Amino acid sequence: MQILLLGGGGREHAFAYKFAQDPGCTRLFIAPGNTGTAECGTNVALAVTDFDGIGRFALANAIDMVVVGPEEPLVRGIVDYFRDDPALRRVAVIGPSAAGAQLEGSKAFAKKFMVRHGIPTAQYREVSTVEDGASFLKTLPAPYVLKADGLAAGKGVLILDRLDEAIAALQTMLAGQFGEASRRVVIEEFLSGIEFSVFALTDGRHYKILPEAKDYKRVGEGDTGLNTGGMGAVSPVPFVTPELWEKVETRIIRPTVAGLAAEDIDYKGFIFFGLIKVGDEPYVIEYNCRMGDPETEVVLPRLKTPLTPLFEAIRAGRLDTVQLETIPETAVAVMLTAGGYPGEYRKGDEIRMAAPRPGCLYLHAGTRQAEEKVLTHGGRVMAITAFGASVEAAAGQALAAAEQVHYEGKYYRRDIGRDLMAPE
Ligand code: AMP
Ligand code: GLY
(Lines give C-alpha, C1' and ligand atoms only; values in the text may rest on other atoms or scores of the structure.)
(Ligands and ions follow the chains in the order given, each with its own letter.)
Protein backbone atom coordinates (compact mmCIF):
# COMPACT_ATOMS: atom_id res chain seq x y z
CA MET A 1 0.00 0.00 0.00
CA GLN A 2 1.32 3.46 -0.96
CA ILE A 3 0.56 5.97 1.77
CA LEU A 4 0.51 9.75 1.93
CA LEU A 5 0.69 11.03 5.50
CA LEU A 6 -0.35 14.65 6.12
CA GLY A 7 1.32 16.77 8.79
CA GLY A 8 4.77 17.70 10.01
CA GLY A 9 5.03 17.37 13.78
CA GLY A 10 6.09 14.83 16.37
CA ARG A 11 2.78 13.03 15.90
CA GLU A 12 3.53 12.54 12.21
CA HIS A 13 7.09 11.35 12.87
CA ALA A 14 5.59 8.73 15.23
CA PHE A 15 3.17 7.63 12.45
CA ALA A 16 5.99 7.60 9.88
CA TYR A 17 8.15 5.53 12.22
CA LYS A 18 5.33 2.97 12.56
CA PHE A 19 4.79 2.84 8.79
CA ALA A 20 8.51 2.44 8.14
CA GLN A 21 8.41 -0.87 10.05
CA ASP A 22 5.12 -2.01 8.52
CA PRO A 23 5.45 -4.56 5.69
CA GLY A 24 2.04 -3.43 4.43
CA CYS A 25 3.41 0.03 3.64
CA THR A 26 5.38 -0.24 0.41
CA ARG A 27 5.90 3.49 -0.13
CA LEU A 28 5.51 6.41 2.27
CA PHE A 29 5.23 10.11 1.45
CA ILE A 30 4.82 12.79 4.09
CA ALA A 31 3.46 16.28 3.35
CA PRO A 32 5.09 18.47 4.49
CA GLY A 33 6.98 16.29 7.03
CA ASN A 34 10.12 17.28 8.93
CA THR A 35 13.74 16.15 9.27
CA GLY A 36 12.67 13.05 11.17
CA THR A 37 9.99 11.89 8.75
CA ALA A 38 12.51 12.20 5.89
CA GLU A 39 14.29 9.19 7.40
CA CYS A 40 11.10 7.10 7.18
CA GLY A 41 9.86 8.11 3.73
CA THR A 42 9.86 10.95 1.20
CA ASN A 43 8.84 14.45 2.25
CA VAL A 44 6.67 16.39 -0.18
CA ALA A 45 6.40 20.18 -0.10
CA LEU A 46 2.61 20.47 0.07
CA ALA A 47 0.49 22.28 2.65
CA VAL A 48 -2.00 20.06 4.50
CA THR A 49 -4.88 22.28 3.36
CA ASP A 50 -3.88 22.34 -0.33
CA PHE A 51 -6.55 19.81 -1.34
CA ASP A 52 -6.06 20.32 -5.09
CA GLY A 53 -2.31 19.78 -4.75
CA ILE A 54 -2.78 16.75 -2.50
CA GLY A 55 -5.33 15.25 -4.91
CA ARG A 56 -3.02 15.74 -7.92
CA PHE A 57 -0.11 14.23 -5.98
CA ALA A 58 -2.20 11.24 -4.94
CA LEU A 59 -3.18 10.51 -8.55
CA ALA A 60 0.30 11.04 -9.98
CA ASN A 61 1.89 8.76 -7.37
CA ALA A 62 -0.71 5.98 -7.20
CA ILE A 63 -1.48 6.70 -3.54
CA ASP A 64 -3.83 4.12 -2.01
CA MET A 65 -4.42 5.80 1.31
CA VAL A 66 -4.14 9.27 2.84
CA VAL A 67 -3.63 9.37 6.61
CA VAL A 68 -4.46 12.76 8.10
CA GLY A 69 -2.51 13.91 11.18
CA PRO A 70 -3.87 17.38 12.10
CA GLU A 71 -7.48 18.55 12.46
CA GLU A 72 -7.53 21.45 10.04
CA PRO A 73 -7.80 19.49 6.77
CA LEU A 74 -10.48 17.28 8.36
CA VAL A 75 -12.57 20.19 9.59
CA ARG A 76 -12.18 21.78 6.13
CA GLY A 77 -13.48 18.61 4.50
CA ILE A 78 -10.59 16.68 2.94
CA VAL A 79 -12.53 13.42 3.31
CA ASP A 80 -15.50 14.92 1.46
CA TYR A 81 -13.17 16.37 -1.19
CA PHE A 82 -11.75 12.93 -2.02
CA ARG A 83 -15.15 11.23 -1.82
CA ASP A 84 -16.80 13.72 -4.16
CA ASP A 85 -14.14 13.52 -6.89
CA PRO A 86 -14.69 10.52 -9.21
CA ALA A 87 -10.94 10.09 -9.80
CA LEU A 88 -10.03 10.33 -6.13
CA ARG A 89 -12.85 8.24 -4.74
CA ARG A 90 -10.77 5.04 -4.79
CA VAL A 91 -8.20 6.62 -2.44
CA ALA A 92 -9.10 5.84 1.18
CA VAL A 93 -8.71 8.75 3.58
CA ILE A 94 -8.28 7.91 7.25
CA GLY A 95 -10.23 10.57 9.09
CA PRO A 96 -13.83 11.75 9.53
CA SER A 97 -15.90 13.70 7.01
CA ALA A 98 -16.38 17.41 7.70
CA ALA A 99 -19.64 16.51 9.46
CA GLY A 100 -17.80 14.13 11.82
CA ALA A 101 -14.91 16.56 12.34
CA GLN A 102 -17.46 18.95 13.87
CA LEU A 103 -16.91 16.99 17.08
CA GLU A 104 -13.70 19.03 17.25
CA GLY A 105 -14.52 21.92 14.92
CA SER A 106 -17.53 23.13 16.90
CA LYS A 107 -17.71 22.93 20.69
CA ALA A 108 -21.44 23.66 20.50
CA PHE A 109 -21.96 20.76 18.08
CA ALA A 110 -19.98 18.44 20.37
CA LYS A 111 -21.99 19.45 23.44
CA LYS A 112 -25.33 18.96 21.67
CA PHE A 113 -24.14 15.59 20.37
CA MET A 114 -23.22 14.49 23.91
CA VAL A 115 -26.56 15.62 25.29
CA ARG A 116 -28.45 13.78 22.51
CA HIS A 117 -26.61 10.57 23.32
CA GLY A 118 -26.52 10.81 27.11
CA ILE A 119 -22.71 11.08 27.26
CA PRO A 120 -21.44 12.57 30.55
CA THR A 121 -20.04 16.09 30.16
CA ALA A 122 -20.12 19.42 32.02
CA GLN A 123 -23.41 21.39 32.11
CA TYR A 124 -23.30 24.19 29.56
CA ARG A 125 -25.05 26.90 27.61
CA GLU A 126 -24.27 28.05 24.09
CA VAL A 127 -24.50 31.84 23.86
CA SER A 128 -24.14 34.56 21.25
CA THR A 129 -25.01 37.61 23.37
CA VAL A 130 -23.41 38.98 26.51
CA GLU A 131 -26.81 39.28 28.24
CA ASP A 132 -27.62 35.63 27.73
CA GLY A 133 -24.11 34.56 28.79
CA ALA A 134 -24.06 36.77 31.88
CA SER A 135 -27.39 35.41 33.09
CA PHE A 136 -26.08 31.83 32.79
CA LEU A 137 -22.72 32.70 34.40
CA LYS A 138 -24.61 34.09 37.42
CA THR A 139 -26.13 30.65 38.04
CA LEU A 140 -22.69 28.97 38.19
CA PRO A 141 -20.12 28.83 40.98
CA ALA A 142 -16.56 30.03 40.18
CA PRO A 143 -14.32 29.32 38.33
CA TYR A 144 -15.92 30.00 34.93
CA VAL A 145 -15.09 28.15 31.72
CA LEU A 146 -15.54 29.95 28.37
CA LYS A 147 -14.89 28.20 25.07
CA ALA A 148 -14.83 29.69 21.60
CA ASP A 149 -17.13 27.52 19.51
CA GLY A 150 -14.75 27.09 16.55
CA LEU A 151 -11.10 26.16 16.07
CA ALA A 152 -8.78 28.68 17.73
CA ALA A 153 -5.37 26.99 17.46
CA GLY A 154 -5.70 25.55 20.96
CA LYS A 155 -6.16 29.00 22.53
CA GLY A 156 -9.94 29.27 22.60
CA VAL A 157 -10.58 28.10 26.19
CA LEU A 158 -10.48 30.62 29.04
CA ILE A 159 -10.90 29.80 32.73
CA LEU A 160 -11.64 32.77 34.99
CA ASP A 161 -11.91 33.04 38.76
CA ARG A 162 -14.28 36.01 39.09
CA LEU A 163 -17.72 36.64 37.66
CA ASP A 164 -16.90 40.19 36.49
CA GLU A 165 -13.75 38.93 34.72
CA ALA A 166 -15.74 36.16 33.09
CA ILE A 167 -18.39 38.58 31.80
CA ALA A 168 -15.69 40.91 30.46
CA ALA A 169 -13.88 38.01 28.77
CA LEU A 170 -17.14 36.81 27.25
CA GLN A 171 -17.71 40.27 25.80
CA THR A 172 -14.23 40.27 24.22
CA MET A 173 -14.73 36.79 22.79
CA LEU A 174 -18.13 37.55 21.29
CA ALA A 175 -16.68 40.74 19.79
CA GLY A 176 -14.33 38.58 17.73
CA GLN A 177 -11.23 37.88 19.87
CA PHE A 178 -10.80 34.61 17.96
CA GLY A 179 -12.47 35.82 14.77
CA GLU A 180 -15.49 33.87 13.60
CA ALA A 181 -14.53 31.04 16.00
CA SER A 182 -15.71 33.03 19.02
CA ARG A 183 -18.93 34.61 17.64
CA ARG A 184 -20.57 31.78 19.56
CA VAL A 185 -19.27 30.77 22.98
CA VAL A 186 -19.92 27.68 25.07
CA ILE A 187 -20.05 28.43 28.80
CA GLU A 188 -19.44 25.41 30.98
CA GLU A 189 -19.64 24.27 34.54
CA PHE A 190 -16.08 23.82 35.88
CA LEU A 191 -15.18 20.20 36.56
CA SER A 192 -12.50 19.47 39.12
CA GLY A 193 -10.49 16.30 38.68
CA ILE A 194 -7.61 14.69 36.85
CA GLU A 195 -7.44 14.61 33.06
CA PHE A 196 -6.46 11.80 30.73
CA SER A 197 -6.86 10.97 27.05
CA VAL A 198 -8.38 7.95 25.39
CA PHE A 199 -8.24 7.15 21.67
CA ALA A 200 -10.40 4.96 19.52
CA LEU A 201 -10.21 3.97 15.89
CA THR A 202 -13.56 3.50 14.18
CA ASP A 203 -14.85 2.39 10.80
CA GLY A 204 -18.13 4.11 11.60
CA ARG A 205 -19.72 1.06 13.22
CA HIS A 206 -17.05 -0.90 15.07
CA TYR A 207 -14.24 0.50 17.16
CA LYS A 208 -10.91 -0.48 18.65
CA ILE A 209 -9.58 1.25 21.73
CA LEU A 210 -5.93 2.32 21.73
CA PRO A 211 -3.80 2.71 24.87
CA GLU A 212 -4.72 5.68 27.06
CA ALA A 213 -2.30 8.52 27.80
CA LYS A 214 -1.84 11.58 29.96
CA ASP A 215 -0.32 14.72 28.56
CA TYR A 216 1.27 17.68 30.33
CA LYS A 217 0.00 20.94 28.88
CA ARG A 218 1.59 23.61 31.09
CA VAL A 219 5.06 24.87 30.30
CA GLY A 220 6.36 24.81 33.87
CA GLU A 221 7.20 21.98 36.24
CA GLY A 222 4.43 21.14 38.69
CA ASP A 223 1.87 22.10 35.99
CA THR A 224 2.49 25.83 36.26
CA GLY A 225 2.75 28.64 33.73
CA LEU A 226 1.26 29.02 30.28
CA ASN A 227 -0.53 26.37 28.27
CA THR A 228 1.43 24.75 25.45
CA GLY A 229 0.70 22.21 22.75
CA GLY A 230 1.99 19.59 25.19
CA MET A 231 5.30 19.17 27.05
CA GLY A 232 5.26 15.40 27.43
CA ALA A 233 3.07 12.33 27.75
CA VAL A 234 2.80 9.01 29.55
CA SER A 235 1.09 5.74 28.59
CA PRO A 236 -0.41 3.72 30.23
CA VAL A 237 -1.91 5.88 32.98
CA PRO A 238 -1.79 4.07 36.34
CA PHE A 239 -4.98 5.60 37.77
CA VAL A 240 -7.05 4.34 34.85
CA THR A 241 -8.19 1.14 36.52
CA PRO A 242 -10.28 -1.62 34.88
CA GLU A 243 -13.36 -0.19 36.66
CA LEU A 244 -12.73 3.26 35.16
CA TRP A 245 -12.07 1.72 31.71
CA GLU A 246 -15.40 -0.07 31.90
CA LYS A 247 -17.20 3.23 32.56
CA VAL A 248 -15.28 5.00 29.81
CA GLU A 249 -16.16 2.34 27.28
CA THR A 250 -19.82 1.86 28.15
CA ARG A 251 -20.76 5.48 28.91
CA ILE A 252 -18.51 7.35 26.48
CA ILE A 253 -16.84 5.39 23.66
CA ARG A 254 -19.70 3.05 22.74
CA PRO A 255 -22.44 5.72 22.72
CA THR A 256 -20.19 8.09 20.75
CA VAL A 257 -19.62 5.58 17.95
CA ALA A 258 -23.26 4.45 18.05
CA GLY A 259 -24.37 8.11 17.99
CA LEU A 260 -22.29 8.87 14.89
CA ALA A 261 -23.74 5.82 13.14
CA ALA A 262 -27.32 6.66 14.21
CA GLU A 263 -26.91 10.19 12.84
CA ASP A 264 -25.45 8.85 9.59
CA ILE A 265 -22.22 10.76 10.08
CA ASP A 266 -19.38 9.35 7.97
CA TYR A 267 -16.50 8.74 10.38
CA LYS A 268 -13.58 6.46 9.53
CA GLY A 269 -10.65 7.44 11.66
CA PHE A 270 -9.43 8.35 15.11
CA ILE A 271 -11.57 9.79 17.89
CA PHE A 272 -9.64 11.45 20.71
CA PHE A 273 -11.60 11.67 23.96
CA GLY A 274 -10.22 14.33 26.32
CA LEU A 275 -11.57 13.06 29.64
CA ILE A 276 -11.59 14.11 33.26
CA LYS A 277 -12.06 11.84 36.25
CA VAL A 278 -14.24 13.55 38.85
CA GLY A 279 -14.33 11.36 41.93
CA ASP A 280 -14.62 7.96 40.27
CA GLU A 281 -16.66 9.14 37.29
CA PRO A 282 -15.37 9.98 33.79
CA TYR A 283 -16.66 13.05 31.88
CA VAL A 284 -15.83 14.30 28.40
CA ILE A 285 -13.97 17.64 28.38
CA GLU A 286 -13.54 17.65 24.62
CA TYR A 287 -13.48 15.53 21.50
CA ASN A 288 -10.79 15.78 18.86
CA CYS A 289 -11.11 14.22 15.43
CA ARG A 290 -7.48 13.05 15.22
CA MET A 291 -4.70 11.71 17.40
CA GLY A 292 -3.10 13.93 20.07
CA ASP A 293 0.35 15.40 20.00
CA PRO A 294 2.43 14.41 22.06
CA GLU A 295 0.12 11.52 23.07
CA THR A 296 0.76 9.79 19.73
CA GLU A 297 4.47 9.68 20.59
CA VAL A 298 3.66 7.29 23.48
CA VAL A 299 0.55 5.55 22.13
CA LEU A 300 1.77 4.34 18.71
CA PRO A 301 5.10 2.97 19.97
CA ARG A 302 3.10 0.82 22.42
CA LEU A 303 1.12 -0.80 19.57
CA LYS A 304 2.48 -4.16 18.57
CA THR A 305 -0.04 -4.34 15.73
CA PRO A 306 1.03 -2.57 12.53
CA LEU A 307 -1.27 0.18 11.27
CA THR A 308 -1.92 -0.93 7.69
CA PRO A 309 -4.10 -3.97 8.58
CA LEU A 310 -6.11 -1.72 10.91
CA PHE A 311 -6.56 0.90 8.20
CA GLU A 312 -7.44 -1.76 5.59
CA ALA A 313 -10.09 -3.05 7.98
CA ILE A 314 -11.45 0.48 8.36
CA ARG A 315 -11.69 0.84 4.61
CA ALA A 316 -13.60 -2.45 4.42
CA GLY A 317 -15.87 -1.54 7.34
CA ARG A 318 -14.61 -4.66 9.14
CA LEU A 319 -12.67 -3.31 12.10
CA ASP A 320 -14.37 -6.03 14.13
CA THR A 321 -12.20 -8.65 12.40
CA VAL A 322 -8.80 -7.39 13.55
CA GLN A 323 -7.04 -7.69 16.89
CA LEU A 324 -5.08 -4.91 18.45
CA GLU A 325 -2.09 -5.85 20.58
CA THR A 326 -0.06 -3.58 22.81
CA ILE A 327 3.21 -3.92 24.69
CA PRO A 328 2.94 -3.81 28.49
CA GLU A 329 5.88 -1.41 29.00
CA THR A 330 5.30 2.19 30.03
CA ALA A 331 6.26 4.83 27.49
CA VAL A 332 7.19 8.37 28.52
CA ALA A 333 7.76 11.20 26.02
CA VAL A 334 9.61 14.34 27.04
CA MET A 335 9.22 17.30 24.67
CA LEU A 336 12.27 19.45 24.04
CA THR A 337 11.21 23.00 23.21
CA ALA A 338 12.79 26.14 21.83
CA GLY A 339 13.81 28.98 24.16
CA GLY A 340 10.86 31.32 24.75
CA TYR A 341 8.13 28.79 23.82
CA PRO A 342 5.10 29.07 24.13
CA GLY A 343 5.70 32.81 23.59
CA GLU A 344 7.98 34.19 20.87
CA TYR A 345 10.64 31.53 20.50
CA ARG A 346 14.09 31.03 18.99
CA LYS A 347 14.45 29.43 15.57
CA GLY A 348 17.36 28.25 13.47
CA ASP A 349 19.62 26.95 16.24
CA GLU A 350 21.78 24.00 15.25
CA ILE A 351 20.87 20.72 16.97
CA ARG A 352 23.78 18.49 17.93
CA MET A 353 23.25 15.03 19.31
CA ALA A 354 25.45 12.46 20.97
CA ALA A 355 25.02 8.86 19.77
CA PRO A 356 21.35 7.94 20.18
CA ARG A 357 20.51 6.22 23.43
CA PRO A 358 19.54 2.61 22.70
CA GLY A 359 15.83 1.97 23.07
CA CYS A 360 14.86 5.64 22.85
CA LEU A 361 12.94 7.22 19.98
CA TYR A 362 13.89 10.71 18.85
CA LEU A 363 10.72 12.00 17.25
CA HIS A 364 11.22 15.29 15.45
CA ALA A 365 8.58 17.99 15.77
CA GLY A 366 9.86 21.44 14.73
CA THR A 367 13.13 20.76 12.92
CA ARG A 368 14.50 21.64 9.51
CA GLN A 369 17.42 20.31 7.51
CA ALA A 370 19.87 22.89 6.12
CA GLU A 371 22.56 21.08 4.14
CA GLU A 372 24.41 18.94 6.68
CA LYS A 373 22.84 20.62 9.70
CA VAL A 374 19.60 20.04 11.56
CA LEU A 375 18.10 23.29 12.86
CA THR A 376 15.33 24.10 15.30
CA HIS A 377 12.30 25.34 13.40
CA GLY A 378 9.27 25.18 15.72
CA GLY A 379 8.38 25.81 19.35
CA ARG A 380 8.21 22.11 20.06
CA VAL A 381 11.47 20.78 18.65
CA MET A 382 11.67 17.07 19.42
CA ALA A 383 9.93 14.46 21.56
CA ILE A 384 12.09 11.78 23.14
CA THR A 385 10.17 8.61 23.92
CA ALA A 386 11.62 5.97 26.23
CA PHE A 387 10.26 2.74 27.68
CA GLY A 388 10.47 1.02 31.03
CA ALA A 389 8.79 -1.30 33.49
CA SER A 390 7.46 1.74 35.39
CA VAL A 391 6.85 5.45 34.86
CA GLU A 392 10.02 6.15 36.89
CA ALA A 393 12.16 3.87 34.75
CA ALA A 394 10.85 5.18 31.43
CA ALA A 395 11.04 8.83 32.52
CA GLY A 396 14.62 8.31 33.74
CA GLN A 397 15.64 7.01 30.31
CA ALA A 398 13.90 9.83 28.46
CA LEU A 399 15.54 12.48 30.65
CA ALA A 400 18.98 10.92 30.25
CA ALA A 401 18.50 11.03 26.47
CA ALA A 402 17.22 14.62 26.62
CA GLU A 403 20.45 15.72 28.25
CA GLN A 404 22.41 14.52 25.25
CA VAL A 405 20.61 16.64 22.70
CA HIS A 406 22.13 20.09 22.48
CA TYR A 407 20.96 23.39 21.05
CA GLU A 408 20.90 26.97 22.23
CA GLY A 409 17.82 27.68 24.39
CA LYS A 410 16.84 24.03 24.92
CA TYR A 411 14.12 23.61 27.57
CA TYR A 412 12.15 20.62 28.81
CA ARG A 413 10.18 19.60 31.87
CA ARG A 414 11.98 17.17 34.17
CA ASP A 415 8.82 16.14 35.98
CA ILE A 416 6.83 14.41 33.22
CA GLY A 417 5.01 11.51 34.91
CA ARG A 418 6.11 12.44 38.42
CA ASP A 419 2.49 12.82 39.61
CA LEU A 420 1.86 9.24 38.43
CA MET A 421 4.79 7.64 40.20
CA ALA A 422 4.21 5.37 43.17
CA PRO A 423 4.92 7.23 46.45
CA GLU A 424 8.33 6.36 47.96
P1 AMP B 1 -10.32 22.00 25.70
O2 AMP B 1 -9.69 22.74 24.58
O3 AMP B 1 -11.82 21.89 25.63
O4 AMP B 1 -9.64 20.67 25.95
O5 AMP B 1 -9.96 22.80 27.02
C6 AMP B 1 -8.63 23.08 27.34
C7 AMP B 1 -8.39 22.76 28.80
O8 AMP B 1 -9.24 23.54 29.61
C9 AMP B 1 -8.69 21.32 29.17
O10 AMP B 1 -7.64 20.45 28.91
C11 AMP B 1 -8.97 21.46 30.66
O12 AMP B 1 -7.76 21.50 31.39
C13 AMP B 1 -9.64 22.80 30.76
N14 AMP B 1 -11.10 22.66 30.75
C15 AMP B 1 -11.91 22.66 29.70
N16 AMP B 1 -13.19 22.51 30.06
C17 AMP B 1 -13.21 22.39 31.40
C18 AMP B 1 -14.23 22.20 32.38
N19 AMP B 1 -15.52 22.13 32.05
N20 AMP B 1 -13.86 22.11 33.67
C21 AMP B 1 -12.56 22.19 34.02
N22 AMP B 1 -11.55 22.38 33.15
C23 AMP B 1 -11.86 22.47 31.86
N1 GLY C 1 -2.11 17.07 23.28
C2 GLY C 1 -3.36 17.64 23.03
C3 GLY C 1 -3.75 17.74 21.63
O4 GLY C 1 -3.17 17.14 20.74
O5 GLY C 1 -4.71 18.43 21.34
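Structural remarks
- Residues of region 208-230 that turn out to be under 26 Å from Leu307 (Cβ atoms) and surrounded by 20 or more Cβ atoms within 10 Å (Cβ to Cβ), as a count: 9
- Unmet requirement for Gly133, which otherwise passes all of (1) over 29 Å from Leu6 (Cβ atoms); (2) at pLDDT 95 or above: (2)
- Test: residue in region 242-259 that is in a strand (DSSP E or B) and either within 16 Å of ligand 2 (Cβ to nearest atom) or surrounded by 15 or more Cβ atoms within 10 Å (Cβ to Cβ) (or both): no
- Helices (runs of 4 or more DSSP H) contained in region 99-194 and holding at least 1 residues over 30 Å from Val79 (Cβ atoms): 130-137, 163-174
- Of the strands (runs of 3 or more DSSP E) contained entirely in region 324-424, those carrying at least 2 residues that are hydrophobic (A, V, I, L, M, F, W, C) and in contact (Cβ under 8 Å) with a residue 12 or more places away in the chain fall at 330-337, 361-364, 373-376, 380-388.
- The set of residues from region 60-90 being among the aliphatic types (A, V, I, L, M), assigned to a helix (DSSP H, G or I) and surrounded by 14 or more Cβ atoms within 10 Å (Cβ to Cβ) comprises Leu74, Val75, Ile78, Val79.
- Whichever residue in region 353-390 is under 17 Å from Glu297 (Cβ atoms) and charged (D, E, K, R) and, among such residues, is modelled with the highest pLDDT: Arg380
- Exclusive hit being away from ligand 2 (no atom under 16 Å from the Cβ), within 12 Å of Ser197 (Cα to Cα) and not in a helix (DSSP H, G or I), set Tyr283, Tyr287: Tyr283
The values are calculated or read from the model by the stated rules, or taken from the named source; none is laboratory data. The model shown is predicted, which means the values in this text are computed figures rather than measured ones. Don't worry about glycine lacking a Cβ; one is built from the backbone with ideal geometry, like all the others, and counts go over all protein chains shown.
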